[in-house]
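Notes to accompany the following structure.
The values are calculated or read from the model by the stated rules, or taken from the named source; none is laboratory data. Keep in mind the model is a prediction, meaning the values are calculated, not measured. Cβ placement follows ideal geometry from the backbone for every residue including glycine, while neighbour counts extend to all protein chains displayed.
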Amino acid sequence: MAEENKIQDSEILSTTPAPDASKEIQPEILTAEAPKEEAKPAEKPQVIVKKERGLSHYVGLALLTVLSIIFFFIPGVALVYLVSCIAAITAPVAWIFAAILSVVVWFIFKLKIKGFKKSFFWYIGLCALISILLVSLSVFTSYHVLSGIFALLIGGSN
């Protein structure tokens, strides 16, 4: 019986069709076709209008640059103005000492506060606080602090 099972199993295996050797395998011939171009929308001509900048643009840019520099140096400028109230200082000396004092104040912020960005923001906050203080002194009192600082920096305070 065991042999019959083996024979039946082998018969079952042999009943699977064998590949037909009479048919030759023909290689497929591939033809290369040029890819079809998709229809592109018609390109419209572009008109570029270049606006010329007038004198007011450059004057405004110069004013913003000067105000930014003065705003950055305002802690040193305020200290130099306080010293100039005691002793006469010329404009070049005022600018030099204001720049040096401002850099020293910023460097102190840099040493005390970790991170360049954070110390820079704290320094800008100090500049804003001093600016608000100077403007409020100028507006609410009889002291002309802003005009005195302006005169000091352009050399008209002597």
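See the values below:
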read-out: In the range 88-127, the residues that are without any contact (Cβ under 8 Å) to a residue 40 or more places away in the chain, part of a loop (DSSP other than H, G, I, E, B) and exposed (fewer than 15 other Cβ atoms within 10 Å of the Cβ); value: LYS114, GLY115
read-out: Pair list, Cβ < 8 Å and 6+ apart or interchain, from the range 137-158 residues that are more than 21 Å from ILE96 (Cβ to Cβ) to residues that are outside any helix (DSSP H, G or I); value: LEU137/TYR143; SER138/HIS144
read-out: Residue within the range 48-65 that is outside any helix (DSSP H, G or I), among the hydrophobic types (A, V, I, L, M, F, W, C) and exposed (fewer than 10 other Cβ atoms within 10 Å of the Cβ) present; value: yes
read-out: Conditions (1) modelled with pLDDT of 70 or more; (2) surrounded by 10 or more Cβ atoms within 10 Å (Cβ to Cβ); (3) more than 26 Å from GLY155 (Cβ to Cβ); number of the one not met by LYS44; value: (2)
read-out: Residue in the range 128-143 that is of a type in the set (Phe, Trp, Tyr), modelled with pLDDT of 85 or more and loosely packed, with under 12 Cβ neighbours inside 10 Å present; value: yes
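Yes/no per residue for (1) among the acidic types (Asp, Glu); (2) under 27 Å from the mean Cα position of the chain (by Cα); (3) modelled with pLDDT of 65 or more:
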site	(1), (2), (3)
THR16	no, no, no
LYS50	no, yes, yes
ALA62	no, yes, yes
VAL66	no, yes, yes
PHE71	no, yes, yes
ILE74	no, yes, yes
SER84	no, no, yes
VAL93	no, no, yes
